[in-house]
Amino acid sequence: KEGRVSSAGALIPIAERMGLISIVDRKVLEMVVKELETYPDVHLALNVSNLTTNNPDWLKHIQSLLRDRPDVADRLTVEITETAAQLDLRRTAYFVAMVQELGCSVSLDDFGSGYTSFRQLKTLSVDSVKIDGGFIRDLATNPDNRFFVKTLLEFTELFGLQSVAEYVENGEIAKILM
């Protein structure tokens, strides 16, 4: 509807099936870099499709945009999903290394929803993890989720990773996380 913000999340699987996701991810990257160039105090994150982590053309494009722009790259976080690592760990680790080489941070999105092992997390060498919002939404009322999130936070701390939580929608949840 006009005047309403809607999530594009539902369109991503369709774009992937239609072979259009590389165009979407490329355009989003260009828009994010332009914003970072315009606003030097802003830090932005962008999600990329699992297919993009296997796309050498996308890597070449981000390199062409950021190779000589450490001031911009330093404020960009590229988010990959746990399932990307499951598909091809070696290739995903290469993707992470190439993005980090530019000066960007890489975050493992939806952490806790998949099956990332200690070995996979070490191999990927991501900078941070983003805890899946499904564990955060009802954190105040669900003791199992509180235990799980506490365990995830301790786990990531031992690995020296920063943690971010999705769906922190009220002060009560923020207090529990702190």
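Once you've got the GNM for the chain with C-alpha springs shorter than 10 Å, pick whichever of ASP25, ASP88, ASP132 has the biggest mean-square fluctuation.
Sorting by GNM fluctuation, first place goes to ASP88.
Hey, can you grab everything whose amide H is under 5 Å from the amide H of THR81? Only 5+ residues off in sequence or another chain; H modelled, so Pro and N-termini drop out.
Those qualifying (amide H under 5 Å, at least 5 residues apart or on another chain) are ASP109.
Going through the range 1-109, which trypsin sites (Lys or Arg not before Pro) have at most 15 other Cβ atoms within 10 Å and a DSSP loop state? Walk me through the numbers on the way to the answer.
Values: sites: LYS1, ARG4, ARG17, ARG26, LYS27, LYS34, LYS60, ARG67, ARG75, ARG90, ARG91; in loops: LYS1, ARG4, ARG67, ARG75.
Answer by residue number: LYS1, ARG4, ARG67.
Could you go through the range 136-142 in sequence order and give the Karplus-derived ³J(HN,Hα) for each residue, using 6.51 cos²θ - 1.76 cosθ + 1.60 with θ = phi - 60°, rounded to whole Hz, and x for Gly and Pro?
Whole-Hz 3J(HN,Hα) from phi for the range 136-142: 9, 3, 10, 4, 5, 10, 10.
Based only on Cα atoms, what mean projected area does the convex hull of the range 121-178 have, in nm²? Intermediate values should be presented prior to the final figure.
On the way: hull surface 15.1 nm².
Approximately 3.8 nm², given one-decimal rounding.
Tell me, what HN-Hα J-couplings in whole Hz come from the Karplus equation 6.51 cos²θ - 1.76 cosθ + 1.60 at θ = phi - 60° for each residue of the range 7-16, using x for Gly and Pro?
These are the phi-based 3J(HN,Hα) values: 6, 8, x, 5, 7, 4, x, 5, 4, 5 Hz.
Determine which lysines satisfy two conditions relative to LYS175: a Cα distance under 27 Å, and not lying fewer than 8 residues away in the same chain.
Filter leaves LYS130, LYS150.
Karplus couplings for the range 51-56 from phi (6.51 cos²θ - 1.76 cosθ + 1.60, θ = phi - 60°), rounded to Hz, Gly and Pro as x?
5, 5, 5, 10, 10, x
Once the Cα gyration tensor of the range 1-70 is found, what semi-axes does its equivalent ellipsoid get, as square roots of 5 times the eigenvalues, in whole Å, sorted largest first? Walk me through the numbers before you get to the answer.
Numbers: eigenvalues 99, 73, 14 Å².
Here the semi-axes work out to 22, 19, 8 Å.
Between ASP41 and ARG69, how many nm apart are label points set 7 Å from Cα along the C-beta direction?
The two pseudo-label positions are separated by 2.1 nm.
Gap in Å between the Cα centre of the range 65-138 and the Cα centre of the range 140-174?
18
Once neighbouring chains are kept in place and the probe is 1.4 Å, which whole percent of the accessible area of the range 27-178 is contributed by carbon and sulfur? Write down the numbers at each step before the final one.
Numbers: 4450 of 8420 Å².
Summing carbon and sulfur atoms, their accessible area is 53 percent of the total for the range 27-178.
At 222 nm, what value in deg cm²/dmol follows for the chain if DSSP H runs of at least 4 each add -39500 (n - 2.57) and the sum is divided by all its residues, to the nearest 500? Write down the numbers at each step before the final one.
On the way: 9 runs with 88 residues, N = 178.
Computed mean residue ellipticity for the chain: -14500 deg cm²/dmol.
What are the residues whose amide H is under 5 Å from the amide H of VAL164, where those residues sit 5 or more places off or on another chain and H is modelled from the backbone?
VAL129, LYS130, ILE131
For the pair ALA97 and GLU172, what calculated FRET efficiency results from E = 1/(1 + (r/R0)^6), where r is the Cβ-Cβ distance and R0 = 45 Å, to the nearest 0.05? All intermediate terms of the calculation are to be shown ahead of the outcome.
Numbers: r = 39 Å, r/R0 = 0.87.
That pair, GLU172 with ALA97, gives E of 0.70.
Which whole-number percentage describes the relative contact order of the chain, with Cα contacts under 8 Å and a sequence gap of 6 or more? Before the final figure, lay out the partial values.
Values: 230 pairs, mean separation 27.1, N = 178.
Averaging sequence separation for qualifying contacts and normalising by length gives 15 percent for the chain.
Averaging over every viewing direction, what projected area does the convex hull of the Cα atoms of the range 37-130 cover, in nm²? Kindly include the intermediate steps, with their values, before the conclusion.
Details: hull surface 22.4 nm².
Its average projected convex-hull area is 5.6 nm².
Within 10 Å of each candidate Cβ there may be at most 14 other Cβ atoms; applying that plus a DSSP loop requirement, which trypsin sites (Lys or Arg not before Pro) in the range 114-162 survive?
none
Between ASP74 and residues 5 or more places away or on another chain, which pairs have amide H atoms under 5 Å apart, with H built 1.01 Å from N, and which residues are they?
HN-HN under 5 Å from ASP74: empty list.
Take the alpha-carbon positions of the chain, form their convex hull, and give its projected area averaged over all directions (one quarter of the hull surface) in nm². It would help to have the intermediate numbers written out before the result.
Details: hull surface 46.6 nm².
Across all orientations, the chain yields a mean hull projection of 11.6 nm².
Which of TYR94, TYR39, TYR167 moves most in a GNM of the chain, Cα contacts under 10 Å?
Fluctuation is largest for TYR39.
To check my understanding: the extent here is largest minus smallest coordinate of the Cα atoms along each principal axis. What are those three numbers for the range 1-40, in Å, largest first?
Rounded to whole Å, the extents work out to 35, 27, 12 Å.
How far, in degrees from 0 to 90, does helix 21-38 lean away from the longest principal axis of the Cα atoms of the chain, to the nearest 10?
With both axes taken from Cα atoms, the answer is about 90 degrees.
The values are calculated or read from the model by the stated rules, or taken from the named source; none is laboratory data. As the structure is a computational prediction, the values presented were derived from the model and not from experiment. We place every Cβ from the backbone using ideal geometry, glycine too, and count neighbours over all the protein chains shown. Calculation scope for accessible area: heavy atoms of the full protein, side chains included, ligands and nucleic acids excluded. Shrake-Rupley method; radii C 1.70, N 1.55, O 1.52, S 1.80 Å.
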